[in-house]
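The values are calculated or read from the model by the stated rules, or taken from the named source; none is laboratory data. The structure displayed is predicted, hence computed values, not measured ones. We place every Cβ from the backbone using ideal geometry, glycine too, and count neighbours over all the protein chains shown. Surface accessibility is based on the protein's heavy atoms, side chains included, excluding ligands, DNA and RNA. Shrake-Rupley method; radii C 1.70, N 1.55, O 1.52, S 1.80 Å.
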Amino acid sequence: MIRAAGLLAVVGALSACGTTVVPQAVPTPPPSAQEAEPCRLVSREILETHHLEQSSDYRGETTSNCVWSSVDNFSIMVLIGWGPSATADFHQIFSEPVGTGVEIDGVNVVVSKSKRNPTCGAIFSVAQGTVVEVAVGYPAPASASAACTQAKVVTAGTIRKLREQQML
C-alpha cells in the first residue's frame, strides 16, 4: 500500500512538471472534389475548337454539372456526383461499355456509349463515393465512336485540371 501511494506521488509530481508541447503543423487537406467547379474543368482550347458556349451550370445536393453546346448541336457535360446514385445514373444512360480497364492519364476510367444516340461518357472516381463524369454528344448521324474519342480527350484534360487543383 505504501508503494502504491509512493508511485501515485511520483506520477503526480511528474505530471505537475512543466512540459513544453511544440505544436506540429497540421497539413492542410486537399480540397474536396465535391467543391470543384465543373465549368472550370474543360480546357479553353477544346471549347474554342468546337465553338462551344456554356449553356448551363447546376449545383444540387448530390451533383454539380456544367454543359457546353455549339450551334451544330455538339455538346459536352462535366458532372461531379456523390452518393449512392452517382454511378447508377451513368450506367443507365451509357449502358454499352466501350472497353474495360481503360486508363486515361494514369486514372482508371469506365467508358461507355448510349444505345440510343451518338453520345459517349467516361466516369472515374476521385474520392470515396465521389465520381466525375464526362459526356460528349454529337447530332445524328454521327457515330458514338466519334463521341467516345472526344470523351477520352475531354476526360484527359479534366483529370489534369483536377490534379492542378489538388483534387485528384
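Numbers at a glance
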{"read-out": "Options ALA122, ALA127, ALA86, ALA36: the member that is under 24 Å from LEU168 (Cβ atoms), open to solvent by 30 Å² or more (accessible area, probe 1.4 Å) and hydrophobic (A, V, I, L, M, F, W, C)", "value": "ALA127"}
{"read-out": "Residue, least open to solvent (accessible area, probe 1.4 Å), within the stretch 135-154, restricted to residues that are out of contact with any strand residue (DSSP E or B) (no Cβ under 7 Å at 6 or more places or on another chain) and part of a helix (DSSP H, G or I)", "value": "ALA146"}
{"read-out": "Residue count for the stretch 58-83, restricted to those that are open to solvent by 50 Å² or more (accessible area, probe 1.4 Å) and over 16 Å from the mean Cα position of the chain (by Cα)", "value": "3"}
{"read-out": "Subset of the stretch 63-101 (residues that are without any contact (Cβ under 8 Å) to a residue 24 or more places away in the chain and closer than 15 Å to VAL134 by Cα)", "value": "THR63, VAL67, SER69, ALA88, ASP89, HIS91, GLN92, SER95, PRO97"}
{"read-out": "Selection within the stretch 155-168 - touching a strand residue (DSSP E or B) at 6+ places or on another chain (Cβ under 7 Å) and open to solvent by less than 50 Å² (accessible area, probe 1.4 Å)", "value": "THR155, ALA156, THR158, ILE159, LEU162, MET167"}
{"read-out": "Count of the stretch 113-135 residues which are under 24 Å from GLY83 (Cβ atoms) and touching a residue at least 24 places away in the same chain (Cβ under 8 Å)", "value": "16"}
